[in-house]
Amino acid sequence: MPGFDTRAAALLLLAGALSCASCQRTAAAPPLFELVAPEASGVTFVNELPEDTAFNILNYLYYYNGGGVAAGDVDGDGLPDLYLTSNLGPDRLYRNKGHFRFEDITERAGVTGPPGWTSGVTMADVNGDGRLDIYVSAVSYLGMHGRNVLYVNNGDGTFTDRTDAYGLEHVGYATQAAFLDYDGDGDLDVYLLNSSTHTERAIAPSTSRTVRRPAFVSTRTTSCAIGSSPCSQSHRARQRMPLPHISASEASRLKIRMRISALVEGRTTSSPSAPMPKWRSQTARASRGQSASNWRPSTRTKSLPVPWSFANCIRTCS
């Protein structure tokens, strides 16, 4: 039928037009951010951390924490400039020229950063003259003899180190500083964040992740008369309950600490009359590969030089 073919063709054309229109409406939106290459922006800063046997992640836990960055209008042209800290190399100050173009003015401004290990950086008008100053935090540890530095803005594109004059000198483990008017007197105060001083020896070994402590089993009963069945079952449960596992290295360190404690308090190094703590037998068996569930109280009478209060606590609590 010619009429039917004409109507069918018109419907097909209409459906195709509608589908094309819907495709145009659901087009992907442009990305929110656009990557600007260093060659185009002029910001070619790189925080390089070379391998060094004297200073590395093994003896400084924060080796890979990274540097700091601060953004602010240091020259008063209305554009935010950038200051980036390098942990081991010189810091960099980039002047914003507009249209995502920056110029490295570090040497001319005199803000290459303090020696040693540099961490965070903060921009603030410390002296209240209307110009942003730069405060750099640093770390003094092992061979890194760093110190905090305050660069005061001279208003002519240069900065002067006025750290001592403003009382902001600090040699230690500085990470980041925050300036705020804490007491409401109109002057900026500073809060300085420092890292800890723990060495790599303070971190637990990876094998400690595999240690599983036995679940606590309560042996208390609601009613217990002497000689009754609940009491007998509870007593037998306490006898079968394994004590917490103590590795051989932990037992060795504990033994050394107890010996030092005994020598400091003037006790002898052995006490034949004192009973053997129960955990000693379990530790010895555990170091020989025997299961803690097969533990039995030791019949030996020689004891460790433990303080009486500690030994009594072990015998009572176990």
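Select from segment 177-190 the residues that are surrounded by 11 or more Cβ atoms within 10 Å (Cβ to Cβ) and farther than 16 Å from residue 139 by Cα and write down the one among them that is nearest to the chain's Cα centre (by Cα). I'd like the intermediate steps shown before the answer.
Within segment 177-190, the first condition is being surrounded by 11 or more Cβ atoms within 10 Å (Cβ to Cβ), and the residues that meet it are 177-179, 182, 187-190.
So of that shortlist, the ones also farther than 16 Å from residue 139 by Cα come out as 178-179, 182, 187-190.
On the way: 178: 19, 179: 23, 182: 27, 187: 32, 188: 28, 189: 26, 190: 22 Å.
So the residue we want is 178.
Search segment 158-185 for residues being of a type in the set (Gly, Ala, Ser) and without any contact (Cβ under 8 Å) to a residue 40 or more places away in the chain, and hand back the single one that is farthest from residue 127 (Cα to Cα).
Step one: filter segment 158-185 for residues of a type in the set (Gly, Ala, Ser), giving 165, 167, 172, 174, 177-178, 184.
From what is left, the residues that are without any contact (Cβ under 8 Å) to a residue 40 or more places away in the chain are 165, 167, 172, 184.
Working: 165: 11, 167: 12, 172: 24, 184: 15 Å.
Of everything passing the filter in segment 158-185, 172 is farthest from residue 127 (Cα to Cα).
Within segment 62-87, take every residue that is in contact with a Ser or Thr (Cβ under 8 Å, 6 or more places away or on another chain) and part of a loop (DSSP other than H, G, I, E, B) and give me the one that is most open to solvent (accessible area, probe 1.4 Å). Quick ask: steps written out before the conclusion?
Filtering segment 62-87 down to residues in contact with a Ser or Thr (Cβ under 8 Å, 6 or more places away or on another chain) leaves 62, 65, 67-70, 85-87.
Imposing the further condition that a residue be part of a loop (DSSP other than H, G, I, E, B) reduces the set to 62, 65, 67-68, 85-87.
Values: 62: 55, 65: 112, 67: 44, 68: 14, 85: 2, 86: 5, 87: 0 Å².
So the residue we want is 65.
Could you list all residues from segment 191-206 that are open to solvent by 60 Å² or more (accessible area, probe 1.4 Å) and modelled with pLDDT of 90 or more?
First, pick out the residues of segment 191-206 that are open to solvent by 60 Å² or more (accessible area, probe 1.4 Å): 191, 193-194, 197-198, 200-206.
Passing the criteria: 191, 193, 194.
Within segment 32-55, which residues are at pLDDT 90 or above and either open to solvent by 100 Å² or more (accessible area, probe 1.4 Å) or in contact with a Cys (Cβ under 7 Å, 6 or more places away or on another chain) (or both)?
Of everything in segment 32-55, those that are at pLDDT 90 or above and either open to solvent by 100 Å² or more (accessible area, probe 1.4 Å) or in contact with a Cys (Cβ under 7 Å, 6 or more places away or on another chain) (or both) turn out to be 32, 33, 34, 35, 39, 48.
Please verify whether residue 58 is over 30 Å from residue 181 (Cβ atoms) and open to solvent by 50 Å² or more (accessible area, probe 1.4 Å), treating the condition exactly as stated. Break it down into steps so the answer makes sense when it comes.
Values: over 30 Å from residue 181 (Cβ atoms): yes; open to solvent by 50 Å² or more (accessible area, probe 1.4 Å): yes.
Yes; evaluated as a whole, the condition is true for this residue.
The values are calculated or read from the model by the stated rules, or taken from the named source; none is laboratory data. Everything numeric in this text was worked out from a predicted model, so none of it was measured. Cβ: placed from backbone, ideal geometry, glycine included. Neighbour counts: every protein chain shown. SASA here: full protein model, heavy atoms, side chains in, ligands and nucleic acids out. Shrake-Rupley method; radii C 1.70, N 1.55, O 1.52, S 1.80 Å.
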